[in-house]
Amino acid sequence: MSGRYRILGRIGRGAMSVVWQARDERLDRVVAVKQFLPEPGTGPAPAGICDRAIREARLASRLRHPNAIAVYDVLEDAGSMYLVMEYVPARSLTDVLVERGALPRCDVVRLGRQLGAALAAAHGDWIVHRDVTPNNVLVSADGTARITDFGVSRALGEHLAAEADVIVGTLPYLAPEVARGGEAGLPSDVYGLGATLYTALEGTPPFGTSDDPITLLRRITENQLVPPPHGGPLTGVLMRMLERDPAARPTMQEAVALLAEVGRPATAAAPRRPGLRRVAVAGAAVCVTSACVAAGLAFTGEPETTAAPVERPPATVTADHTVSATTTAPAPPPSRITEAPPARPAAAGCTARFAVTNSWPGGAQAEVTVHNDRPTRLSGWTVTWAVPGGAVVRNLWNGTLTRAGSTVTVTDAGWNALVEPGASASFGLIQDLADGRAAVPVLACRPN
């Protein structure tokens, strides 16, 4: 393909795509290449296929998280569209369940924390996956889970004319509001993750399976849900994620915190937040697999009472798409949130806000949101801060980074330089933490 990627073999196939293992001859690395398939009779690479490939590439490339498959490139070759992705020697959760049967509760909790952290990062960037299912979860031999296949995802607020009157998703994992013909939103992903974890725990989806899609849709819309028989302390979390009313479900960040509390002594519960007629259900998602993976997964089998690192949720998202920041203390309750004050508006009128969206021992991921406070358009922006506590910024996206001692300066990336009055732009970063704490710096913002 394009003289750069050499196909090594096919590793997966779905209704709308084929996934190949290939070698990137230029960078000398193995990658996964997803080839988009046109509908029969439409010819090579119709406009809809090109648009779908580019949209998936743009959305998936915005998400950088250790529990999400990275996207490297999108290209057209010989009339076909291809998406070049990170290759992971792993199997789909569906294949794992077929081989092993239902998983132990501690493994389900661990998978839920990992997948929830990746989806929370996507939600923090206003990306809705819309098809969270066991087919779209890859599990490595060491038990690491990754979310993949953003083929039907969309940016929040994006409405695609091609999807009018079409239910998008995989039938047994549809949220009730989507099954009734409503729009998929962030709570729908929470429901999809809850249904996926229910399946991993019990070996069957929450509403079972049926050859009659109408019967299954009725079960979902009427919420004929039986609590998981093997849920134990996980039951309450799953039932909240599977609430019929999307406003009654936890956010994805809250779900991660709730999963982290399973098996610990009881603490105050995280607060509850309010948050297509023709059926065209997406087929089974393409899963990246490898014949060299060992037959069994090396789950660590840690006791359920072991306190694992908690991916701390960001605070409430406001109407102008800014995110209030959080700090990660050694072990605060999930509901304890500390806001970082936004930078004092400059004379020209922009503010910046820092949010820790994920953390792990020795590191953290953060998002900085730049808001235009003035009545005219920003044509560019710069954010400066002093890195606290000996932290080191080692990766940054959607901006240009420069350093001077402990001072970090980030300018826009060009494509996100223009910010309309009242609107926002953002960039993300990963930092190493010298003292183990994700401290929130004081930011200074100025227009260019």
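I'd like to verify a number: residues in the range 92-146 that are under 24 Å from Gly232 (Cα atoms) and in a strand (DSSP E or B), how many?
Number satisfying all stated conditions: 3.
For residues that are surrounded by 14 or more Cβ atoms within 10 Å (Cβ to Cβ), under 27 Å from the mean Cα position of the chain (by Cα) and closer than 20 Å to Asn372 by Cα, tally how many sit in the range 398-428.
Within the range 398-428, residues that are surrounded by 14 or more Cβ atoms within 10 Å (Cβ to Cβ), under 27 Å from the mean Cα position of the chain (by Cα) and closer than 20 Å to Asn372 by Cα number 16.
Going through the range 224-239 one residue at a time, which ones are surrounded by fewer than 20 Cβ atoms within 10 Å (Cβ to Cβ) and within 17 Å of Thr199 (Cβ to Cβ)?
Gln224, Leu225, Val226, Pro227, Pro229, His230, Gly231, Gly232, Thr235, Met239 - these are the residues of the range 224-239 that are surrounded by fewer than 20 Cβ atoms within 10 Å (Cβ to Cβ) and within 17 Å of Thr199 (Cβ to Cβ).
Residues of the range 191-214 being among the hydroxyl-bearing types (Ser, Thr, Tyr) and surrounded by 13 or more Cβ atoms within 10 Å (Cβ to Cβ), which ones?
If the condition is that a residue be among the hydroxyl-bearing types (Ser, Thr, Tyr) and surrounded by 13 or more Cβ atoms within 10 Å (Cβ to Cβ), then Tyr191, Thr196, Tyr198, Thr199, Thr204, Ser210 are the ones that fit.
Which one is surrounded by the most Cβ atoms within 10 Å (Cβ to Cβ) among residues in the range 362-379 that are closer than 17 Å to Ile430 by Cα and of a type outside the set (A, V, I, L, M, F, W, C)?
Thr369
Among strands (runs of 3 or more DSSP E) lying entirely in the range 357-443, which contain 3 or more residues that are farther than 23 Å from Ala118 by Cβ?
Answer list for the range 357-443: 363-372, 381-386, 399-404, 407-412.
Please pick out the residue among Val33, Val88, Val84 that is in a strand (DSSP E or B) and either closer than 27 Å to Glu367 by Cβ or at pLDDT below 80 (or both).
Val84 is the lone residue from the list that is in a strand (DSSP E or B) and either closer than 27 Å to Glu367 by Cβ or at pLDDT below 80 (or both).
Please report, ordered by residue number, the helices (runs of 4 or more DSSP H) entirely within the range 171-230 with at least 3 residues that are closer than 23 Å to Ala121 by Cα.
186-202
The values are calculated or read from the model by the stated rules, or taken from the named source; none is laboratory data. Given the structure is predicted, the values throughout are model-derived calculations rather than measurements. When we count neighbours, we look across all protein chains shown, and the Cβ atoms used for this are built from the backbone with ideal geometry, even at glycine.
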